[in-house]
Amino acid sequence: MAMGPTSEPEAGFDPVYGWGAGEHVHEPLIQSTLTVTGKDLKIGYDLAVAMDTSEDGMLWTVEIRDDARFSDGEKLTASDVAFTYNTVKAGSSVNDFTMLDHAEAIGDTTVKFHMSEPFSIWPYTMAVVGILPEHAYDPSTYGQNPIGSGRYLLKQWDRGQQVVLEANPDYYGEPPHMKRVTILFMEEDAAFLAAKAGQVDLAYTAASYADQAVSGYQLMAVETVDNRGFNLPAERPGVFPEENGVPVGSAVTSDLAVRRAINIGVDRQEMIENVLNGYGTPAYSVCDRMPWYNPASEVAYDPDGALRLLDDAGWAVGTDGVREKDGVRASFHVLYPTGDSVRQALAADFSNQLVKLGIEAVPEGVGWDTAYDRALSEPLAWGWGAHTPMELYNIYHSSPGGSSAVYSPYYNSMVDHYMDAALASSSLEEAYKLWQNAQWDGETGVTQQGDVPWVWLVNIDHLYWVRDGLQVAEQKIHPHGHGWSIVNNVDQWSWQD
Amino acid sequence: MIRKPNRRQRTLLLLFCSVAALSAVTVAGGLLSGQAMVTDFSRKNLSPCAAYPFGTDWMGRDMFARTLAGLSISLRIGMLTATVSAFVALVAGFCAATLGRAADALTGWMIDLVMGIPHILLLILISLACGKGLAGVVTGIALTHWPSLARLLRAELLQLRECPFVRVAEKLGMGRLRIVREHLFPHLLPQFLTGLVLLFPHAILHEASITFLGFGLSPEQPALGIILSESMQHLAMGRWWLAVFPGALLVLAVSLFFTLGENLRCLLDPGSVHE
C-alpha cells in the first residue's frame, strides 16, 4: 500500500520518539498498548484486563494479561510497562507526560500510575503508548530494530522507500489475517500512478483525484474528524499582552455578532462540493461524533440570519460593499499554510462566501514560521481532529500562566472551569459530560449561542484507491493525518476471490 | 518592384515588434491582475475552450488571465531588477577602472565573491533575509545580476583609457569628469544598453525559479514560478494545459528579449552597424 512521505516515522518505530503518538495518533502495531480506542472511540482493552482510578484521580491501577510475549521470547511484565512510561516521561520529544509523576510495577501483572495532577482521560493516552521491552531497550538502535509484542514484526525498513511488516506468530490475540504488509512512502501523484499501474493494493489519494477513474480499483472514503476550520480572534487588539511586538486580537472578529454571522453565514455543504468534490462532512466542532462532542454545536446555514446579525450590530454596508462600524472596516486576511492546496482552496471559498456577508477576507499564504504569530490577529486555516478530548483543552483553555488560549486570543472562565473539572473527574462517563458542558452548558460555551472563537467548516474524508477484492475492515473515524490510521486494523483485512 | 527591406530595416522592425509584444503583455497582464486572483469553483478544471483559452485550474481561476498577469509581474520585476543591476554594474565598473588600484582590487574582490556563491543559493539567502515576499525577490535578483556586466564594463573602460584620443585629451589638460563624460561614456553606452537588455531574461528566469521553489511570493499571487510549481501536482491527472501554456509563454518572452538584445547590439555596435 502507498502512504504519504510524511507518514514515515523519522525517528523510527520507537514510541519514545513519537511512533504512534504526537499530532497523528494511531495504533503502534509493532508494540502492544494497554488500552485501545474502539469504533465509537470509547476505551477498550489490549494488554490491560482491568483498570481502576482512585477517587481523587491521583492513582491509576492497571492489571495486565500475563500471556503476552515480546518477539524475542521474553515475557511482557508489569515492570516493562512501568519502564516504558517512565522512559517516555523522561525522554519523549512528542508526548506531554507532565500529569504523570511516575509508574510503578507491583508484581508481574499490576502497574500503578502515580499522577502529579488528576487526568481523567489517561486511558486515551494509554491507547497510543506502545510497550517497550525493558531488557532490550537501547534508545539509539530501538527505532530501527523494534522488539514488541504487537500484531506485526518489523521485517525490513528501507528509509525513504518502504516498510515491510510480517505477522507476529507469537501474538497473544487473534492471529492477523494479513500475513505480510508492505508500506510504500510516495507523493500523492506517485501514489495515484502506482495505483494506475496496478503496483499497489491500496493507495492514499486526495479529493482532487476523485474524479479520475482507475480500472480495477474502487475509491474508498473514510469518515474522519480530520477537520478544517478558522480561528476567529475573539478579543480586541490590546486586551491581551503582546509578545515580541506580535499583534494580538482583531478589531473585526472580536465582535461577537461577526463571529456568529460567519458561523451561520457559511454554506458548509457548498464548500464540501467545491473544494472536496463532495468527499467530506460539515464540521461544527473540533470533535464531531466523538463521545465528548456536544451536538449543540451544530448550526444550520442561515444567510439571512447572518445578514440580520450584522445589520443589528451596526455593521453598515459601505459603498464598496464592505461593511463598516465605528470606522472599522470588516476586512482581514484569511491565512493558509503555503503548500497545502486543500486549505488554500478552503480559504479561497471561505473568502468568496464572506463577500456575500459584506466581509472582505483576502486569502494569503503564509509559512509555518510566521503562521502561529499571524493567527493571533487574523484567521488561519487550521486542521485538527484527534482521538482525545485534550484537543478541546489545547484550543479553548487559557494557557498555563497566560490569560488567553495559545493559538487564538480567547478566554472564558466557565469553559476553563469545565475542562479543569473534566480532567479532575474520576470517571470517563462523567468527564465526557463535562467536556460537553465546556462546549455548551445551556448558558455559555464555544458554540453559536456562546462565544464562537473558532469556526469549524469541514471534516475531510480520507480517500483511498482500493484494489477490487481487498476487504478493508471497518474503520473507526479517522483522526487528523492521512497516514497510518488506515492500517490500525490491517490484521483484520482479507482478500475475497 | 517592391524592394526587399534591407537588413537594417529588418532589424529595426524586429526590434519594434519585440518591444511592442512585450509591452502589450506587460500592460494587459497588469490590467488582468485583479481577474487573475478570482476563484470560481463553478468552473474548475476546464480544459482550454473559447471562453478560457488556457483553461482553468483546481480553484476555477482563469489561466489565461493568470498567465498574462504572471508574465507581467515577471516583466516588471525583470525591468526593475535589470535596471538596478545594470546601474550597479556601471558604477562598479567605473570605480574599478578610474579610482585607482585599491578600488579596482576591491571591486574585483566583490565580483568574485558574488560570482563565487551559486547564484540560486545567493538569491534564496538574500530573499529570505529580506523577509521573502516581493521585496525579497526584487532585492535578491537586483543584487546578484551585476557582476558579469561590471567585469565587462571594467575591461572595456581599461582598454578605452589607453586609447590615443583619451591620452591626448589628458595631455591637453581636460578634466577627469569631462573625459568620462565626453570620451568614455559614449563608447560605453552600446555595451551598457545591450548588457541591460540581456540581463532581462536572466532576471525573469530567476524570478520564475525562486517563486517555483517557494521562496518568493505567496501562492495566491499569479507569478509564473508559482503557476508552474502548482501545475506539477496536476500533471498526473492529465491537466497538461496548466503547465504547457504558461511555460511556453515564459520561453517566448525570454527569447523575445534575446532577439531584442541581439538586434540592439547589431544596431549599436560600431563593428556591425553598417552590415
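The values are calculated or read from the model by the stated rules, or taken from the named source; none is laboratory data. Bear in mind that the values here come from a model prediction, so they are computed numbers and not experimental data. As a convention, Cβ positions derive from the backbone with ideal geometry for all residues, glycine included, and neighbour counts pool all protein chains shown. Side chains are part of the model used for accessible areas, which takes the heavy atoms of the whole protein and leaves out ligands, DNA and RNA. Shrake-Rupley method; radii C 1.70, N 1.55, O 1.52, S 1.80 Å.
Within the range A:283-299, residues that are closer than 17 Å to A:Glu223 by Cα and open to solvent by less than 30 Å² (accessible area, probe 1.4 Å) reach partners that are part of a loop (DSSP other than H, G, I, E, B) and among the charged types (D, E, K, R) with beta carbons closer than 7 Å, at six or more positions or on different chains, in the pairs A:Pro291/A:Asp40; A:Pro291/A:Lys42. Look at A:Asp416 and say whether it is open to solvent by less than 30 Å² (accessible area, probe 1.4 Å) and either among the charged types (D, E, K, R) or at pLDDT 95 or above (or both). So A:Asp416 passes the test.
Would you mind telling me which numbered condition in (1) open to solvent by 10 Å² or more (accessible area, probe 1.4 Å); (2) in contact with a Leu (Cβ under 6 Å, 6 or more places away or on another chain) B:Val91 fails? Result: B:Val91 passes all but (2). Among strands (runs of 3 or more DSSP E) entirely within the range A:318-389, having at least 1 residues that are within 14 Å of chain B (Cβ to nearest Cβ) and closer than 23 Å to A:Pro453 by Cβ singles out A:331-337, A:360-366, A:381-384. B:Gly216 meets the conditions (1) without any contact (Cβ under 8 Å) to a residue 40 or more places away in the chain; (2) outside any helix (DSSP H, G or I) in every case but one. The failed one is (1). A:Leu307 meets all of the listed conditions (1) in a helix (DSSP H, G or I); (2) under 30 Å from A:Ser425 (Cα atoms) but one, namely (2).
Only one of B:Gly108, B:Gly70, B:Gly34, B:Gly78 is assigned to a helix (DSSP H, G or I) and touching a Phe, Trp or Tyr at 6+ places or on another chain (Cβ under 6 Å); which?
Being assigned to a helix (DSSP H, G or I) and touching a Phe, Trp or Tyr at 6+ places or on another chain (Cβ under 6 Å) holds for just one of B:Gly108, B:Gly70, B:Gly34, B:Gly78, which is B:Gly78.
Take the residues in the range A:324-343 that are open to solvent by less than 10 Å² (accessible area, probe 1.4 Å) and touching a strand residue (DSSP E or B) at 6+ places or on another chain (Cβ under 6 Å); name whichever of them is nearest to A:Gly278 (Cα to Cα). Walk me through how you get there before you give the answer.
So the first thing to find is which residues in the range A:324-343 are open to solvent by less than 10 Å² (accessible area, probe 1.4 Å), and the list is A:330, A:334-337.
Among the residues that remain, those that are also touching a strand residue (DSSP E or B) at 6+ places or on another chain (Cβ under 6 Å) are: A:330, A:334-336.
On the way: A:Ala330: 30, A:Val334: 23, A:Leu335: 23, A:Tyr336: 21 Å.
Of everything passing the filter in the range A:324-343, A:Tyr336 is nearest to A:Gly278 (Cα to Cα).
Only residues that are over 30 Å from the mean Cα position of the chain (by Cα) and either touching a residue at least 60 places away in the same chain (Cβ under 8 Å) or closer than 21 Å to A:Ser351 by Cα (or both): list them for the range B:40-85, please.
At the first step, the residues of the range B:40-85 found to be over 30 Å from the mean Cα position of the chain (by Cα) are B:40-47, B:49-51, B:58-60.
Of everything in the range B:40-85, those that are over 30 Å from the mean Cα position of the chain (by Cα) and either touching a residue at least 60 places away in the same chain (Cβ under 8 Å) or closer than 21 Å to A:Ser351 by Cα (or both) turn out to be B:Asp40, B:Phe41, B:Ser42, B:Arg43, B:Lys44, B:Asn45, B:Ser47, B:Trp58, B:Met59, B:Gly60.
Can you find, within the range B:226-242, the residue that is surrounded by the most Cβ atoms within 10 Å (Cβ to Cβ) among those that are more than 13 Å from chain A (Cβ to nearest Cβ) and under 19 Å from B:Ser33 (Cα atoms)? Step by step, filter the range B:226-242, then rank; the result is B:Ile227.
For the range A:153-166, what are the residues that are among the hydrophobic types (A, V, I, L, M, F, W, C) and either surrounded by 19 or more Cβ atoms within 10 Å (Cβ to Cβ) or out of contact with any Leu (no Cβ under 9 Å at 6 or more places or on another chain) (or both)? Those that are among the hydrophobic types (A, V, I, L, M, F, W, C) and either surrounded by 19 or more Cβ atoms within 10 Å (Cβ to Cβ) or out of contact with any Leu (no Cβ under 9 Å at 6 or more places or on another chain) (or both): A:Leu153, A:Leu154, A:Trp157, A:Val163, A:Leu165. Cβ-Cβ contacts under 6 Å between residues 6 or more apart (or on different chains), taken from a first residue in the range A:391-409 that is free of Cβ contacts under 8 Å to residues at least 40 places away in the same chain to a second residue that is hydrophobic (A, V, I, L, M, F, W, C), are listed as A:Tyr393/A:Met419; A:His397/A:Met419; A:Ser398/A:Ala405; A:Ser399/A:Val406.
Looking only at the range B:235-248, decide whether some residue is part of a helix (DSSP H, G or I), in contact with a helix residue (DSSP H, G or I) (Cβ under 9 Å, 6 or more places away or on another chain) and more than 30 Å from A:Tyr209 (Cα to Cα). Don't jump to the end; show me each part of the working.
Taking the range B:235-248 as the starting set, the residues that turn out to be part of a helix (DSSP H, G or I) are B:235-237, B:241-248.
From what's left, in contact with a helix residue (DSSP H, G or I) (Cβ under 9 Å, 6 or more places away or on another chain): B:235-237, B:241-247.
The next check asks that each one be more than 30 Å from A:Tyr209 (Cα to Cα); those that pass are none.
Checked against the condition, which is being part of a helix (DSSP H, G or I), in contact with a helix residue (DSSP H, G or I) (Cβ under 9 Å, 6 or more places away or on another chain) and more than 30 Å from A:Tyr209 (Cα to Cα), the range B:235-248 yields no hits at all.
So which residues in the range B:156-165 are modelled with pLDDT of 85 or more and within 15 Å of B:Pro186 (Cα to Cα), if there are any at all? Across the range B:156-165, the qualifying residues are B:Glu156, B:Leu157, B:Leu158, B:Gln159, B:Leu160, B:Cys163, B:Phe165.
Looking at this structure, is B:Ala142 within 14 Å of chain A (Cβ to nearest Cβ), among the aliphatic types (A, V, I, L, M) and within 30 Å of A:Asp369 (Cβ to Cβ)?
Numbers: within 14 Å of chain A (Cβ to nearest Cβ): no; among the aliphatic types (A, V, I, L, M): yes; within 30 Å of A:Asp369 (Cβ to Cβ): yes.
No.
Out of A:Glu187, A:Glu174, A:Glu223, A:Glu270, which single residue is within 30 Å of A:Leu29 (Cα to Cα), open to solvent by 50 Å² or more (accessible area, probe 1.4 Å) and within 14 Å of chain B (Cβ to nearest Cβ)?
The conditions single out A:Glu187.
Of all residues in the range B:16-72 being surrounded by 18 or more Cβ atoms within 10 Å (Cβ to Cβ) and charged (D, E, K, R), which is modelled with the lowest pLDDT? So, considering only residues that are surrounded by 18 or more Cβ atoms within 10 Å (Cβ to Cβ) and charged (D, E, K, R), the one modelled with the lowest pLDDT is B:Lys44.
Restricting the search to strands (runs of 3 or more DSSP E) fully inside the range A:6-62 and requiring at least 1 residues that are touching a Ser or Thr at 6+ places or on another chain (Cβ under 6 Å) and over 22 Å from A:Asp72 (Cβ atoms) gives A:43-45, A:48-53. Any residue at all in the range A:239-260 that's in contact with an Asp or Glu (Cβ under 8 Å, 6 or more places away or on another chain), aromatic (Phe, Trp, Tyr) and away from chain B (no Cβ under 14 Å)? No, because not a single residue in the range A:239-260 is in contact with an Asp or Glu (Cβ under 8 Å, 6 or more places away or on another chain), aromatic (Phe, Trp, Tyr) and away from chain B (no Cβ under 14 Å).
Here A:Arg228 meets the list (1) part of a strand (DSSP E or B); (2) within 14 Å of chain B (Cβ to nearest Cβ) almost entirely, failing just condition (2).
Being part of a helix (DSSP H, G or I) and more than 21 Å from the chain's Cα centre (by Cα) is the filter here, so list the residues in the range A:430-468 that pass it. Result: A:Glu430, single match.
Within the range A:86-137, the only residue that satisfies the criterion of being more than 17 Å from A:Ile43 (Cβ to Cβ), part of a helix (DSSP H, G or I) and open to solvent by less than 10 Å² (accessible area, probe 1.4 Å) is A:Val88. The set of residues in the range A:196-215 being open to solvent by 70 Å² or more (accessible area, probe 1.4 Å), at pLDDT 90 or above and out of contact with any Ser or Thr (no Cβ under 9 Å at 6 or more places or on another chain) consists of A:Gln199, A:Ser215. Here A:Ala405 passes the criteria (1) within 10 Å of another protein chain (Cβ to nearest Cβ); (2) within 27 Å of A:Leu309 (Cα to Cα) except the one numbered (1).
Evaluate the range B:199-213: report whether one residue or more is more than 18 Å from the chain's Cα centre (by Cα) and either among the aliphatic types (A, V, I, L, M) or within 14 Å of chain A (Cβ to nearest Cβ) (or both). Within the range B:199-213, one or more residues are more than 18 Å from the chain's Cα centre (by Cα) and either among the aliphatic types (A, V, I, L, M) or within 14 Å of chain A (Cβ to nearest Cβ) (or both). In the range A:137-146, is there at least one residue being modelled with pLDDT of 90 or more and touching a strand residue (DSSP E or B) at 6+ places or on another chain (Cβ under 6 Å)? Scanning the range A:137-146 turns up at least one residue that is modelled with pLDDT of 90 or more and touching a strand residue (DSSP E or B) at 6+ places or on another chain (Cβ under 6 Å). The listed residues are A:Leu310, A:Leu276, and the only one of them that is farther than 22 Å from A:His482 by Cα, touching a helix residue (DSSP H, G or I) at 6+ places or on another chain (Cβ under 6 Å) and surrounded by 15 or more Cβ atoms within 10 Å (Cβ to Cβ) turns out to be A:Leu310. Within the range A:441-448, is there a residue that is buried (at least 20 other Cβ atoms within 10 Å of the Cβ) and farther than 30 Å from A:Ser351 by Cβ? So far as the range A:441-448 goes, no, none of its residues is buried (at least 20 other Cβ atoms within 10 Å of the Cβ) and farther than 30 Å from A:Ser351 by Cβ.
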